[in-house]
Amino acid sequence: MNNILHIDCDAFYASCEELRYPKLKNHPMAVGGLSNKSIITTANYKAREYGIHSAMPVFIAKKLCPNLVIVGVDKKYYKEKSIEVFDIIEKYAKIKEQVSIDEAYLLVEDKENRINKAKRIQKEVMEKTGIGVSIGISYNKFLAKISSDWNKPLGIKEINSSDIPHILKDLDISKVHGLGRKSTKKLRNIGIHKIEDLLSLDEEFLKNLFGKQGSYVYHVIRGEDNRKVEISSKRKSIGREFTFKENTLDLRILHSYIDEIAKILESDMNDRDIKAYTLNLKIKTEYFKTHTRSHTQEVPIYKKEDIASISKDLLEKLISNEKFRLLGISLSNLSKNNHTQLSLFD
């Protein structure tokens with residue numbers, strides 16, 4: 001049963017920048033470092049017509065396309081767009097396993113036609129976020145991923161068990177997830193360029209060449225992949241700590257560190273669009289003894305003012321005759337933020 005979908009955002013970083021700068025949509029553009037010694041991270045489809053691709057040095061890209069526009073990487077913006085996209089997508093599946101900022105596997109168990117479901121996902125994501133996605137559909141993760149790359153952008157492709165292995169034979173070996181650049185180079189050196197060539201190699205040969213990975217490759221190109229779609233692991237806590245240059249019990253200094261950590265944590269939480277309900281304060285003394293205090297509340301914690309105020313209250317309970325050499329704050333009991341809560345101290 002084809003109950004696995006692989007969702008892959010089309011030229012994600014470049015698509016994000018085209019939303020900010022619509023004029024770039026019909027112009028060759030790449031996201032990456034701004035110096036000639038840097039590399040391209042992502043190229044839009046206009047730039048790809050010139051042969052420009054990710055990991056290509058900027059100076060080579062400019063030779064291929066002298067009028068190429070290069071935009072600097074803005075990871076915070078891309079994370080925000082990623083959250084928008086995958087918050088929409090996850091409602092379509094029983095389980096979502098996000099594997100990177102721009103791709104995820106879905107396990108679906110309803111009886112809706114998979115092509116129709118993929119079209120609905122594409123339509124809603126495009127209408128609400130402006131980002132195009134390609135979707136692969138199959139009975140295992142390997143084939144779902146290969147099919148999502150089949151006819152980008154805005155592609156939908158389904159691979160059935162009856163299609164294997166002949167549908168894969170003409171694909172380049174670089175399409176095999178699990179074969180990196182060094183591995184594909186090894187294979188090309190012995191005349192293996194397409195999956196059809198790869199199918200002629202026995203399992204022992206591939207194991208001798210690549211170890212356990214060789215066995216994985218042997219089976220997946222024959223449509224055998226037992227990996228399950230698993231719920232993406234959630235971060236259990238977020239925190240920062242500082243070790244002081246000199247041991248201290250000076251409250252002004254300690255409070256200044258708390259204020260600095262609170263500012264960093266607020267920024268980190270905004271980037272991840274999360275809130276917390278538990279704050280943990282840790283100190284380490286000059287004699288390397290560690291002490292902790294925690295505070296849990298019903299009102300969420302996500303503003304720097306709240307983080308700092310709670311931390312300073314907890315610090316008072318830890319003051320002793322021993323000077324401190326380290327101070328750390330972590331936030332746990334995390335969940336998504338809906339941006340409607342007020343600060344405790346507003």
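Worth a mention:
- Helices (runs of 4 or more DSSP H) wholly inside the range 182-236 that include at least 3 residues being within 20 Å of K145 (Cβ to Cβ): 195-198, 212-220
- For G178, the conditions (1) open to solvent by 80 Å² or more (accessible area, probe 1.4 Å); (2) under 29 Å from D102 (Cα atoms); (3) assigned to a loop (DSSP other than H, G, I, E, B) are fulfilled apart from (1).
- The condition of being in contact with a Phe, Trp or Tyr (Cβ under 9 Å, 6 or more places away or on another chain) and closer than 24 Å to S309 by Cα holds for E266.
- Pick from the range 57-100, criterion in a loop (DSSP other than H, G, I, E, B), touching a strand residue (DSSP E or B) at 6+ places or on another chain (Cβ under 8 Å) and of a type outside the set (D, E, K, R), ranking: surrounded by the most Cβ atoms within 10 Å (Cβ to Cβ): A93
The rows are residues; the columns are (1) hydrophobic (A, V, I, L, M, F, W, C); (2) modelled with pLDDT under 90; (3) within 30 Å of A104 (Cβ to Cβ).
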{"residue": "I238", "(1), (2), (3)": "yes, yes, yes"}
{"residue": "M269", "(1), (2), (3)": "yes, yes, yes"}
{"residue": "Y277", "(1), (2), (3)": "no, yes, yes"}
{"residue": "I283", "(1), (2), (3)": "yes, no, no"}
{"residue": "I307", "(1), (2), (3)": "yes, no, no"}
{"residue": "L327", "(1), (2), (3)": "yes, no, no"}
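- Residue in the range 232-239 that is touching a residue at least 40 places away in the same chain (Cβ under 8 Å), open to solvent by 30 Å² or more (accessible area, probe 1.4 Å) and closer than 24 Å to S138 by Cα present: yes
- Meets criteria (modelled with pLDDT of 95 or more and in contact with a His (Cβ under 7 Å, 6 or more places away or on another chain)) for I173: yes
- Entry remark, the range 101-136: residues being buried (at least 19 other Cβ atoms within 10 Å of the Cβ), over 20 Å from the mean Cα position of the chain (by Cα) and not β-branched (V, I, T) number 3 in total.
- Residue in the range 266-281 that is within 20 Å of I253 (Cβ to Cβ), open to solvent by 40 Å² or more (accessible area, probe 1.4 Å) and in contact (Cβ under 8 Å) with a residue 12 or more places away in the chain present: no
- In the range 137-147 there is no residue matching the filter, namely being hydrophobic (A, V, I, L, M, F, W, C) and surrounded by fewer than 16 Cβ atoms within 10 Å (Cβ to Cβ).
- Criterion applied to I307, I301 was being touching a Phe, Trp or Tyr at 6+ places or on another chain (Cβ under 8 Å), closer than 17 Å to G239 by Cβ and either open to solvent by less than 70 Å² (accessible area, probe 1.4 Å) or touching a residue at least 12 places away in the same chain (Cβ under 8 Å) (or both), and the one residue passing it is I301.
- If you go through the range 19-33 and keep only what is open to solvent by 30 Å² or more (accessible area, probe 1.4 Å) and in a loop (DSSP other than H, G, I, E, B), you end up with Y21, H27.
- Considering only residues in the range 34-53 that are part of a loop (DSSP other than H, G, I, E, B) and charged (D, E, K, R), the one that is surrounded by the fewest Cβ atoms within 10 Å (Cβ to Cβ) turns out to be K37.
The values are calculated or read from the model by the stated rules, or taken from the named source; none is laboratory data. Keep in mind it's a predicted model, so treat the numbers as computed, not measured. Heads up, the Cβs are rebuilt from the backbone with ideal geometry, glycines too, and the neighbour counts pull from every protein chain shown. For accessibility, only protein heavy atoms count, side chains too; no ligands or nucleic acids. Shrake-Rupley method; radii C 1.70, N 1.55, O 1.52, S 1.80 Å.
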